[in-house]
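Some notes on the structure that comes next.
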Amino acid sequence: MKIYHLPKLSCLAGLLLFWAGAALGASTTTTAATAGNPPDLATLRAWVAEMKVRERGPFKHIRWFCKDGAILEPVPYACETRGGGVQHGEWSEITRKVRGAGYPIANVLADITPEQVIGAKAIPDFLSFLLMEKFLIAFDDGWIFRR
């Protein structure tokens, strides 16, 4: 069995395993990393610790994501005239930065397409990251779903 990007996977495991530990003083460390430079591991850990104490975790709010690309307020049947859609949390800016640094946290399963998981255009390691995240969410008492 070939394992791809093992260093990145072990870094993800380190970051995600932090969730199971103490919140490291969970200060409000929302300062962005220097423009153009990825955040360091300490900053990423602080951001994840902050997500754990925020009311909506890694999400900003709930929205409808319509098939035509529109993002709408969470009202009944908002995407009905736009070809349908799904309702789920929208990532916070910090979550986007963590994901941009190569750590795909807060995966929204409702938006996953088969092409992302299987076939020639599949995202490498996607299933590995997803399984790791699912395990750690369960291990940490489902922190992402507490509120």
Q: Sort the following peptides by mean Cβ neighbour count (other Cβ atoms within 10 Å, averaged over residues), highest first: 97-107, 66-76.
A: 97-107, 66-76
(Q) As an exercise, use a Förster radius of 30 Å and the Cβ-Cβ distance of THR113 and ASP141 to find the FRET efficiency, rounded to the nearest 0.05. (A) 0.50
Q: Quantify, in whole percent, the carbon and sulfur part of the accessible surface of segment 65-147 (1.4 Å probe; protein heavy atoms only).
A: 59 percent
(Q) Please compare each pair in LYS52/LYS121; LYS97/LYS134; LYS60/LYS121; LYS97/LYS121 to a cut-off of 22 Å on the Cα-Cα distance and tell me which ones are over it. (A) LYS52/LYS121; LYS60/LYS121; LYS97/LYS121
Q: Calculate the spin-label point distance for LYS121 paired with GLU55, positioning each point 7 Å from the Cα along the beta-carbon direction, and give it in nanometres.
A: 3.9 nm
Q.
Could you compute the net charge surrounding THR113? Neighbours are other residues with a C-beta less than 15 Å from the C-beta of THR113; K and R count +1, D and E count -1.
A. 0
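I want the local charge near TYR77. Using Cβ-Cβ distances under 15 Å, sum +1 for each Lys or Arg and -1 for each Asp or Glu among the other residues.
With Lys, Arg at +1 and Asp, Glu at -1, the net is 0.
The values are calculated or read from the model by the stated rules, or taken from the named source; none is laboratory data. Since this is a predicted model, take the numbers as computed values, not measurements. Every residue, glycine as well, gets a Cβ built from its backbone with ideal geometry; the counts of neighbours run over all protein chains shown. Keep in mind that these areas ignore ligands, DNA and RNA; they rest on the heavy atoms of the full protein, side chains included. Shrake-Rupley method; radii C 1.70, N 1.55, O 1.52, S 1.80 Å.
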